[in-house]
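**Student:** One structure is given below, represented as structure tokens, and several questions about it will come after.
Bear in mind that the values in this text are calculations on the coordinates, not laboratory data. Just so it is clear, the structure is predicted and the values come from calculations on it, not from any experiment. Glycine also receives a Cβ, built like all others from the backbone with ideal geometry; neighbour counts cover every protein chain displayed.
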Amino acid sequence: MTGRVPSIACIGVIGKHNNPLHISLFPAEERAPLEFQFLLSSCLDIFEARLPHKTADQDFGLLQAVDERLAMYGWMTNTGVKFVVVVDMEGRPATALDSKSATAVGLRDADLKPAFRALQTAYIMLLRNAFYSPPIAANIEQRLGSTQITSRNFIREVQRIAGAWYPGVTNI
Amino acid sequence: MAQASPSNPTEPSTSYIDPTFSLVNTSCLDLLLIELVPMAYRITADLAAREDEWIHGPSSKAKQRKLSGASNDASSTAPGTLRGGAGVGTEGGPVGGGTVDEEEAREAVFHRLESVGYRVGLGVVERFSRDAPRPTTPLDSIKFLCKDLWTLLFRKQIDNLKTNHRGIYVLTDNTFKPITRMSFDTKKYDAAVQAALVAQTGDPALGRDANSQARVQPFLYFHAGVIRGCLDSLGIKATVTAECAALPAATFQIRTAGAKN
């Protein structure tokens, strides 16, 4: 397993009422959607359990390590929107550009920060779009309609973030 | 939420590039409101007229209704269009047919403007709470609204915050920026007329003040909606009512879900 570096396997955006807003898989054809839906659901409790201790920061760090390869990192905004990034530690083959240290050492929590910040910016940009109407709480409770984000700009931005991220990136 | 962006760069330096940072003249919100409120009245009047036509049918009953109903229609739509043409200076409150219609129209306008404000509130909080510490108690959220958001939106903090510690909060702004530029016809209600009115009714709140209050009220609906949106986004379900006792002061009463008097 030499010569493989971490990459983002999945990005999930979960709404305030634990409603799924968006799930992207990378690479989409190699990942099972249902498996990642389960993984995302399983981390909701972790968010809830840690919330009382998280008063200053929005970064929830490592939520859980699923197996040797997959690890889940979380971020929750003050408005209750959760971003979850699943990192595959052997996600893609190393290229000449990748530093040796990236493969040798595990990830630090700070490595994911730029990705989360970019995701949050993307979400804010989505809310600035007058044609996006945020899901209404009453509709979610009654399970009326889908709460999925359909904005192409947002989805494209999520894909860009997943592609641009690598361990040690400072700005996306 | 460009129209709500601050005009003073109070933005703290951040470690990331913020593409949402922009400066907007504060008059934009004033200008927007001038259009928004009469538009809400026009839409409501149009909808009411259409519904009326739908219910009573355009042909058979229309003739006999025309005598009774047309006056109703005319009086409910005409002020809207007149007001739109002549600006907001003409007549503030809806001068619909009966009191029931008037109340209904007021409610409809309130809901329209309030929901517009609600959507703005959601966006504003999402944007401006990203660097704030997480509010843990409802009072924290209200303080965030009074201090941080109010400064961003209206360039000043709330003057007074009262609470009964059971879920009701009263926010008082002694110089609420969006209504500071409003003026009223003081000639019509000068001291003599005012005194006569008071003598006639025995209520000093009538006359000039009552007239201006009713006209300012619709311009506060939008802001009540913004507040509700902000709080909802921070996890507090509440109803917000806005009142203007005397220009340019405004009072917002926030009643959170499950509040006790």
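**Student:** Could you give the semi-axes, largest first, of the ellipsoid that matches region A:37-91, computed as the square roots of 5 times the alpha carbon gyration tensor eigenvalues and rounded to whole Å? It would help to have the intermediate numbers written out before the result.
**Tutor:** On the way: eigenvalues 85, 24, 19 Å².
In descending order the semi-axes read 21, 11, 10 Å.
**Student:** Right, next: Working out 0.36 nm times the residue gap between B:ILE55 and B:ALA246, then minus their Cα-Cα distance, what length gain in nm do you get to one decimal? Each step should come with its number before you reach the end.
**Tutor:** Details: separation 191, 0.36 × 191 = 68.76 nm, distance 4.11 nm.
Extra length available between B:ILE55 and B:ALA246 comes to 64.6 nm.
**Student:** While we're here: Just to confirm a number: summing +1 for Lys and Arg and -1 for Asp and Glu over residues other than A:PRO135 whose beta-carbon lies under 13 angstrom from that of A:PRO135, what do you get?
**Tutor:** Surrounding charge for A:PRO135 is +1.
**Student:** Another question about this same structure. Convert each backbone phi in region A:69-76 into a coupling constant with the Karplus relation 6.51 cos²θ - 1.76 cosθ + 1.60 (shift: θ = phi - 60°), then list the ³J(HN,Hα) values in order as whole Hz, x for Gly and Pro.
**Tutor:** Taking θ as phi minus 60°, the curve returns 9, 8, 9, 10, 10, x, 8, 10 Hz for region A:69-76.
**Student:** Cβ under 13 Å from A:PHE60's Cβ, A:PHE60 left aside: what net charge do those residues give with Lys, Arg +1 and Asp, Glu -1?
**Tutor:** Local charge sum for A:PHE60: 0.
**Student:** So, one more: Anything over 22 Å Cα to Cα? Flag those among A:LYS16/B:LYS156; A:LYS82/B:LYS147; B:LYS147/B:LYS237, in the order listed.
**Tutor:** Values: A:LYS16/B:LYS156 30 Å; A:LYS82/B:LYS147 26 Å; B:LYS147/B:LYS237 20 Å.
Over 22 Å apart, Cα to Cα: A:LYS16/B:LYS156; A:LYS82/B:LYS147.
**Student:** In the P(r) worked out for region B:110-190, what percent of Cα pairs fall beyond 15 Å? Don't jump to the answer; show the numbers that get you there.
**Tutor:** Details: 2220 of 3240 pairs.
Of the Cα pairs, 69 percent sit more than 15 Å apart.
**Student:** Please quote Rg/Rh for region A:4-164 to two decimal places, taking the Kirkwood radius as Rh and restricting both calculations to Cα atoms. Intermediate results must be reported in sequence, preceding the final value.
**Tutor:** On the way: Rg = 15.8 Å, Rh = 16.4 Å.
Taking Rh as the inverse mean 1/r over Cα pairs, Rg/Rh reads 0.96.
**Student:** Kirkwood Rh, Cα Rg: Rg to Rh for region A:113-154?
**Tutor:** Expressed as Rg/Rh, it is 1.05.
**Student:** Using DSSP loop states and a limit of at most 12 other Cβ atoms within 10 Å to flag trypsin sites (Lys or Arg not before Pro), what is the longest stretch of chain A containing no flagged site?
**Tutor:** Numbers: sites that count: A:ARG108, A:ARG143.
Within chain A, the longest run free of exposed trypsin sites (Lys or Arg not before Pro) spans A:1-107.
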